[in-house]
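Read the figures in this text as sums done on the coordinates, not as results from a lab. Remember, predicted model here, so these are calculated numbers, not experimental data. When we count neighbours, we look across all protein chains shown, and the Cβ atoms used for this are built from the backbone with ideal geometry, even at glycine.
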Amino acid sequence: MDSPKRYDIIPIRVNRKLVLRMGGKTSTASKRKWNNENYEYTQLVTQKGEKERIKQAAKQAGQSVNAYVVEAVRRRIEQEQMLSASDTPGVVKNLEGHNDPVE
């Protein structure tokens, strides 16, 4: 396990001794730790002007930019998987998404 970072611990005095402890459940350090354990981060780089176009499209769809981009990527992956499955002769994708040979 990674060693604690400076922001993960809070120095406090207990009976005139300095001890270190984690922040409370609502502390920034606790939230950051939970996010780092449960999420992965990806950086998106676009040409000038594209960021604003994405923000406007997400707003029009009633989504956050993150939700909009993640959904677009998920749809693209599903579309490409469907295309690659249909290119395989003698294989049909059933309703559960599994490939079954055609007899």
Restricting the stretch 56-70 to residues that are within 14 Å of THR46 (Cβ to Cβ) and of a type in the set (A, V, I, L, M), the one nearest to the chain's Cα centre (by Cα) turns out to be VAL69
Output for Cβ contacts, cut-off 9 Å, separation at least six or different chains, first residue over 19 Å from VAL69 (Cβ atoms) in the stretch 33-50, second hydrophobic (A, V, I, L, M, F, W, C) and not in a helix (DSSP H, G or I), reads LYS33/MET22
